[in-house]
Amino acid sequence: MFAVMVVTVVLAGLLAWSAVRKLSHDESVVRSYARVGVPEDKLNYLAVVLLAGAAGLLAGLVWAPVGVAAAIGVICYFAGAMIFHIRARDAKNLPTPALLAVLGAATLVLRLAAV
């Protein structure tokens, strides 16, 4: 159970940090997303999805089915992000969503093993 908590909290923290960056609309963040075809006016929506994922992961520490659903959602979100980076030929920034997808998968596997 300790591993589930550690991986969940780390991933939730990374999701929240990513959401805050999107909500900042910092010029470098806006440029980065524009490069893969995401307009600035969509960043707030993406941030909300990330915050919902973080909240779901943390709620999953109390009620496992919510954590399972949140982990699946996080994996899907970052699979989509990887597709956007591949489609834009942005291999330089592909490792970040790939790592977060792997952390989502690790969270899911650990959560399922703990049930």
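The values are calculated or read from the model by the stated rules, or taken from the named source; none is laboratory data. Please read all numbers here as calculations on a predicted model, not as lab measurements. Cβ: placed from backbone, ideal geometry, glycine included. Neighbour counts: every protein chain shown.
Restricting to region 1-37, name every residue that is under 22 Å from Cys76 (Cβ atoms), among the small types (Gly, Ala, Ser) and part of a helix (DSSP H, G or I).
Correct list: Ala12, Gly13, Ala16, Ser18, Ala19, Ser32.
Does region 80-94 contain at least one residue that is more than 14 Å from Ala16 (Cα to Cα), small (Gly, Ala, Ser) and modelled with pLDDT under 95?
Within region 80-94, one or more residues are more than 14 Å from Ala16 (Cα to Cα), small (Gly, Ala, Ser) and modelled with pLDDT under 95.
Any residue at all in region 38-47 that is part of a helix (DSSP H, G or I) and touching a Leu at 6+ places or on another chain (Cβ under 6 Å)?
There is at least one residue in region 38-47 that is part of a helix (DSSP H, G or I) and touching a Leu at 6+ places or on another chain (Cβ under 6 Å).
Go through region 21-53 and report how many residues are closer than 16 Å to Pro97 by Cα and of a type in the set (Val, Ile, Thr).
4
Does any residue of region 68-86 turn out to be hydroxyl-bearing (Ser, Thr, Tyr), assigned to a helix (DSSP H, G or I) and surrounded by fewer than 18 Cβ atoms within 10 Å (Cβ to Cβ)?
no
Within the set of pairs 6+ apart or on separate chains, which have a first residue in region 3-25 that is within 15 Å of Leu108 (Cα to Cα), a second that is of a type in the set (D, E, K, R) and in a helix (DSSP H, G or I), and C-beta atoms under 7 Å apart?
What qualifies is Val4/Arg111.
Of all residues in region 80-104, which are under 16 Å from Ala54 (Cα atoms) and in contact (Cβ under 8 Å) with a residue 40 or more places away in the chain?
Matches in region 80-104: Leu100, Leu103, Gly104.
Is it true that some residue in region 20-39 is touching a Lys or Arg at 6+ places or on another chain (Cβ under 8 Å), surrounded by 13 or more Cβ atoms within 10 Å (Cβ to Cβ), over 20 Å from Asp90 (Cβ atoms) and at pLDDT 95 or above?
No, every residue in region 20-39 fails to be touching a Lys or Arg at 6+ places or on another chain (Cβ under 8 Å), surrounded by 13 or more Cβ atoms within 10 Å (Cβ to Cβ), over 20 Å from Asp90 (Cβ atoms) and at pLDDT 95 or above.
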